[in-house]
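Asks: Below is the structure I would like to discuss, written out as structure tokens.
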Amino acid sequence: MVQELVGAIVALLCVALVYTGMSARVIKQYERGVLFRLGRVGGEARPPGFTLIIPFVDRLAKVNMQIVTLPIPAQEGITRDNVTVRVDAVVYFRVVDATSALIKVEDYKFAVSQMAQTSLRSIIGKSDLDDLLSNREKLNQGLELMIDSPAVGWGIQVDRVEIKDVSLPDTMKRSMARQAEADRERRARIINADAELQASKKLAEAAQQMSGTPAALQLRLLQTVMAVSAEKNSTLVLPIPVELLHFLERGNRGDTPAAEARAADAPAAVGSSHPDPDQGAKEVTPEETAAPRIAPQETGAAAITPQETAAPETTPPESASPRETIPNGDRAQVPDLNGAPGPDPEIARRSLAPNPGGGPRPD
């Protein structure tokens, strides 16, 4: 009798253990449990923790309440400005009502994926290429609103939608690259012109500042030479200041008048026939050394002038001592008033003729 009672108790314990094992459920923290009793929802969703169900009567469905990252396959479409592009995106959503997510839609993940693809294609057709490339934030907000509107009735909340990449044809990429290159070149030229303008203003101020002190220009030149020589170059280009050229030009102009003055004084010294009482010695010309001139006598006879040698005078018939012209070729001597032979006219003409060069004549 006792053995039968012990066996019955052990059997009951085993059945209780089996029943407990079949009815016990554990719901995780990020899950919610929806109980279906004989096919009908049995109250609110079960919270996380340990819970019991009736075996063979209840069915507990667990729903993940975490944020789900759902990638949207790349969609090819034509933008509003007739450009063919391929756009892919990603959707972040989570379940806020576990009962609605299980009852109102068959597979809420698949439903959200299809809705996201449809909305993405619609956004591509309504937008321009520039908006897809530069104004993505606005497109993300519009895409999120289009997906979230039907998903709210499914117990799903869309947290964020992001466009990941926009693929363009190769021809469009080359066109955009040329456009960007031209725009950057334009900006570079504008910046360069602005820099030249600012530099010219600064250089004008520097030139005005250095105009008061010419030594500053020389110091600046020396600084430039030092900067160039620091590079260890084999060739050094040294600019010559314009002031130095002006100085050399003024020096050349100053030598020319002095030479002309010396050339003008030379004929006067050579052609002088009257002795200067103030000078101690008389200048002797080459003609005088070759053919000595006959000095006039001390009786007060006048010297022969070039006019007299060029055109000899004929004394009147009543003169007591007429002046005779002796025909002697080119060199006819004219006698003096006192009967002395006069100087040779050719010698006088050569001695009195000025020499433009200021030096001795070749004859």
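The values are calculated or read from the model by the stated rules, or taken from the named source; none is laboratory data. If you're wondering where the values come from, they're calculated on a predicted model, not measured in any experiment. For neighbour counting, all protein chains shown are included, and Cβ atoms are generated from backbone atoms with ideal geometry for every residue, glycine included. Ligands, DNA and RNA are excluded from the accessible area calculation, which covers all protein heavy atoms including side chains. Shrake-Rupley method; radii C 1.70, N 1.55, O 1.52, S 1.80 Å.
Asks: Conditions: (1) of a type in the set (Ser, Thr, Tyr); (2) open to solvent by less than 50 Å² (accessible area, probe 1.4 Å); (3) closer than 30 Å to THR171 by Cα. THR84 meets all but one. Number of the miss?
Replies: Against the list (1) of a type in the set (Ser, Thr, Tyr); (2) open to solvent by less than 50 Å² (accessible area, probe 1.4 Å); (3) closer than 30 Å to THR171 by Cα, THR84 comes up short only on (2).
Asks: Could you say whether any residue in the range 114-123 is more than 52 Å from the chain's Cα centre (by Cα) and either under 26 Å from PRO47 (Cβ atoms) or surrounded by fewer than 17 Cβ atoms within 10 Å (Cβ to Cβ) (or both)?
Replies: We begin by selecting, within the range 114-123, every residue more than 52 Å from the chain's Cα centre (by Cα); these are 114-115.
Cutting the leftovers down to either under 26 Å from PRO47 (Cβ atoms) or surrounded by fewer than 17 Cβ atoms within 10 Å (Cβ to Cβ) (or both) gives us 114.
Yes; the residues of the range 114-123 include at least one that is more than 52 Å from the chain's Cα centre (by Cα) and either under 26 Å from PRO47 (Cβ atoms) or surrounded by fewer than 17 Cβ atoms within 10 Å (Cβ to Cβ) (or both).
Asks: Return the total of residues in the range 213-223 being open to solvent by less than 60 Å² (accessible area, probe 1.4 Å) and out of contact with any helix residue (DSSP H, G or I) (no Cβ under 8 Å at 6 or more places or on another chain). Give the derivation first.
Replies: Within the range 213-223, the subset open to solvent by less than 60 Å² (accessible area, probe 1.4 Å) is 216, 221.
Imposing the further condition that a residue be out of contact with any helix residue (DSSP H, G or I) (no Cβ under 8 Å at 6 or more places or on another chain) reduces the set to 221.
Residues that pass the stated criteria total 1.
Asks: Tell me, which strands (runs of 3 or more DSSP E) lie completely within the range 41-116 with 3 or more residues that are hydrophobic (A, V, I, L, M, F, W, C)?
Replies: Values: elements: 49-52, 58-64, 68-78, 84-95.
Counting at least 3 such residues, we get 58-64, 68-78, 84-95.
Asks: It is to be established whether one or more residues within the range 182-204 are under 30 Å from GLY125 (Cβ atoms) and either part of a helix (DSSP H, G or I) or modelled with pLDDT under 85 (or both). Give the derivation first.
Replies: The initial filter retains those residues of the range 182-204 that are under 30 Å from GLY125 (Cβ atoms), namely 182-183.
Checking the rest, the ones that are also either part of a helix (DSSP H, G or I) or modelled with pLDDT under 85 (or both) come to 182-183.
Among the residues of the range 182-204, at least one is under 30 Å from GLY125 (Cβ atoms) and either part of a helix (DSSP H, G or I) or modelled with pLDDT under 85 (or both), which makes the answer yes.
Asks: Taking only pairs six or more apart or across chains, which ones have beta-carbon atoms under 6 Å, a first residue in the range 44-62 that is free of Cβ contacts under 8 Å to residues at least 40 places away in the same chain, and a second residue that is among the polar types (S, T, N, Q) and open to solvent by 90 Å² or more (accessible area, probe 1.4 Å)?
Replies: Close Cβ pairs satisfying both conditions: PRO48/GLN29.
Asks: Test each condition in (1) open to solvent by 60 Å² or more (accessible area, probe 1.4 Å); (2) closer than 28 Å to GLU76 by Cβ for LEU129 and report the one that comes out false.
Replies: All conditions pass for LEU129, except number (1).
Asks: Suppose the filter is surrounded by 11 or more Cβ atoms within 10 Å (Cβ to Cβ) and farther than 25 Å from GLN117 by Cβ; does MET172 pass it? Can you show your working first?
Replies: On the way: surrounded by 11 or more Cβ atoms within 10 Å (Cβ to Cβ): yes; farther than 25 Å from GLN117 by Cβ: no.
For MET172, the condition - surrounded by 11 or more Cβ atoms within 10 Å (Cβ to Cβ) and farther than 25 Å from GLN117 by Cβ - is not met.
Asks: Which of (1) within 30 Å of LEU129 (Cβ to Cβ); (2) open to solvent by 70 Å² or more (accessible area, probe 1.4 Å); (3) not β-branched (Val, Ile, Thr) is the odd one out, the single condition LEU17 does not satisfy?
Replies: (1)
Listed here are the residues, each with its yes/no results for (1) closer than 30 Å to PHE110 by Cα; (2) under 33 Å from the mean Cα position of the chain (by Cα); (3) free of Cβ contacts under 8 Å to residues at least 40 places away in the same chain.
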position	(1), (2), (3)
LEU139	yes, no, yes
LEU143	yes, no, no
GLN179	no, yes, yes
ARG186	no, yes, yes
ASP194	no, yes, yes
ALA215	no, yes, yes
LYS232	no, yes, yes
LEU244	no, no, yes
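Asks: With the requirement that a residue be within 30 Å of GLU243 (Cα to Cα) and among the β-branched types (Val, Ile, Thr), what does the range 180-217 give you?
Replies: THR213
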